[in-house]
1. Is it the case that some residue within the range 433-440 is free of Cβ contacts under 8 Å to residues at least 24 places away in the same chain, open to solvent by less than 30 Å² (accessible area, probe 1.4 Å), over 23 Å from LEU535 (Cβ atoms) and part of a helix (DSSP H, G or I)?
2. Out of (1) more than 26 Å from MET578 (Cα to Cα); (2) assigned to a strand (DSSP E or B), what's the single condition that is false for THR105?
3. Taking the condition of being open to solvent by 60 Å² or more (accessible area, probe 1.4 Å) and assigned to a strand (DSSP E or B), how many residues in the range 75-101 meet it?
4. Considering only the range 466-485, I want to know if a residue exists there that is hydrophobic (A, V, I, L, M, F, W, C) and in contact with a strand residue (DSSP E or B) (Cβ under 8 Å, 6 or more places away or on another chain).
5. Mind listing whichever residues of the range 20-45 are of a type in the set (Ser, Thr, Tyr) and open to solvent by 50 Å² or more (accessible area, probe 1.4 Å)?
6. Of all residues in the range 108-129, how many are part of a helix (DSSP H, G or I), of a type outside the set (Val, Ile, Thr) and open to solvent by less than 60 Å² (accessible area, probe 1.4 Å)?
7. Among (1) under 30 Å from GLU219 (Cα atoms); (2) modelled with pLDDT of 70 or more, which single condition is LEU159 missing?
8. For the range 193-212, give me each residue that is among the small types (Gly, Ala, Ser), closer than 28 Å to ALA320 by Cα and part of a helix (DSSP H, G or I).
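The values are calculated or read from the model by the stated rules, or taken from the named source; none is laboratory data. Only a predicted model underlies this, so the values are computations on that prediction, with no experimental measurement involved. Positions of Cβ are generated from backbone atoms using ideal geometry, with glycine treated the same way; all protein chains shown enter the neighbour counts. Remember, those area values only see protein heavy atoms, side chains included, never the ligands or the DNA or RNA. Shrake-Rupley method; radii C 1.70, N 1.55, O 1.52, S 1.80 Å.
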Amino acid sequence: MKRSGSVTVFLALVITCCSALICALTESARTAGARFYVRTMADSAIDSLFSQYHEPLWECYRLLGYQYGDDGNAAQDLENFMKPYVENCGWYAVSSPTVQISKRTFLTDDGGVWFEQEILDYLKYGWINLNCTPASAEALWKQVREAQIMDEILKDYGLQSKQAVAMEQAIMRIHQNLSAQDSMKQEARSLVRNGQNAAFQRASNQLSGLVHSLPALIERYDQKADAYSMSLSALKQKHAAQLSQLQEENRTAIEEQIAVCHEYADRDGQRRQALDALDDSNDAELQAISDVQRLADETEAYIEEAEDDEEDGDGIDEDALWQSVAEAWDFVPIPHSNITPGIRDEKMESLLETILKLASKGYLHIILPPDRQLPEGSIDTSNFPSRYAVTPRKGPAADLLRVIAVDEYAGAYLPSFTDQAQTPISCQLEYVVAGKSSDQANLTAAAAEILAIREALNLIFIMTTPALRRQAHEIAELIASATALPELTILIECLIMSAWALVESFMDLRLLLGSQKAAIYKTREDWMTSMEDVLAFASTLRLPAQRLKKSKKGISYEAYLKLLLFTKSSGIRNYRTMDMIQAALVPADPDFRFQTCLYGLQTSVSCESRHLFTNLSFTRPSGDSSKGYALQFPIRTESVKAY
């Protein structure tokens, strides 16, 4: 019987094609799985690397960061974390993984924006309670900004009050010189009338000295007046833009003071005319003194010669001769000025200036509570991020939420002076504000910035409170000759108000450094000092501690420091906060540095896999796909991780 094998061959071919299709589909699925497997392997490796975060940084400050060595070590660590996946890959047949570091992001990069991000992530869990909302913080921030602008303007124009007083002191010196000339002339007349020529010559020489010194006194006034006028012009240009930023009430009050300054300057022209007349009469006065001195010497010589030649016993009339010299002396012109000095009580005015000078000198001993000691810690800034790891911020500026977050975080984790922390650096929050190299310097700088805010706000309160301003005006009238120069009275009133505001600010700082609260905006109930206290302080430099009042609605010293942080740039705030954290961790871990503290990492993983289900016997295995079907194929994946 005839047999046919066509069906068998056909079925064999069909089965072969079907098997090839099934194997190709299976291999495709396995290849896709291998790629996902490699991606999982890469992600797991980078997760394992990031799990090796710096434990003290987390335990002490709740920040996550991996202490990064170099790319080679990091790549080797990642490859080691991949080994268990390679050894147990099964049908995925993964081999020879290599890691290349594509990008590194450290906590110090981009102006510390990633440091800010870690703080924000931490705050999401509510472990720090924000003491204010962004809206209230922004309003308070604007008020503080305005107070700082006013403080700068008022301080600059307050200096004009002192320059005006210096002009009045120059006028007073001129009057003292003229008065001394008149007294010396009377004394010299008495001497020459009694025939005491030697004593007369000495007295007249002293008068000549006074006359010679008068032009210098007039020149000194001219210099003070010129400086006053130039300063007013410069200040007007300097503060024109700032004045427009102030609220109407505050701007009006300041403009009134500025107007008084210009009114006082307008009187300078009349005074200069009178002083020029005094200067012009100097030469005539000196010539007259010299003529009478010569006449006195000639008279004395004549009397001596007459006595030597006298033989007949008739004496000469010496009294008449000296009387004629005295009459000649009466014609020596002593100039007189109709300019009345504006200062009546120079001593009291000097005491007020002494108070204002304290603001630029050391006053910590005044504001420090008796039970507190000045900190003595020093800070080694040589390896701080703020010195070696500062980078510009690439993105937009920090929004208000970030600012508040960093401020609250710094307040929660960095001690300040009032915390009395037993740490090598006890004024860490003050360092973030000031950035100095010692605790005492940081405390001084932070106190100075708080003082500037308090001084401005206290001055505003005095200016807008009629009862307090009336007290200041009464003292100004005691110091100045109000009837002769009313503008000067108002200028001295400004000087008094500045001194009063400064003393009140010293009291505020005494409360704050004593862990008490001080009000931002004062009321009559919160106000602590009187003008008597100010004058007593000027004499003793001791604050009236018995008048200290705790404010129920005020804020603490730490809160004032946070307000100051609002005025700092995000970069300064971020890097200085990192400085203090690093300084606290370095004693236990000398190698810790924020500039090598990793926040994010991007890697590229390359490896190989081999085909399993398409490895047919009729193919020619080759490692080069151009020469045939390659059993090995590469797999590449990217992995990104950030804390």
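1. Yes, because at least one residue in the range 433-440 is free of Cβ contacts under 8 Å to residues at least 24 places away in the same chain, open to solvent by less than 30 Å² (accessible area, probe 1.4 Å), over 23 Å from LEU535 (Cβ atoms) and part of a helix (DSSP H, G or I).
2. Here THR105 meets the rest and fails (1).
3. 3
4. Yes, some residue in the range 466-485 is hydrophobic (A, V, I, L, M, F, W, C) and in contact with a strand residue (DSSP E or B) (Cβ under 8 Å, 6 or more places away or on another chain).
5. Within the range 20-45, THR26, SER28, THR40 meet the criteria.
6. 11
7. The single condition LEU159 does not satisfy is (2).
8. ALA198, ALA199, ALA203, SER204, SER208
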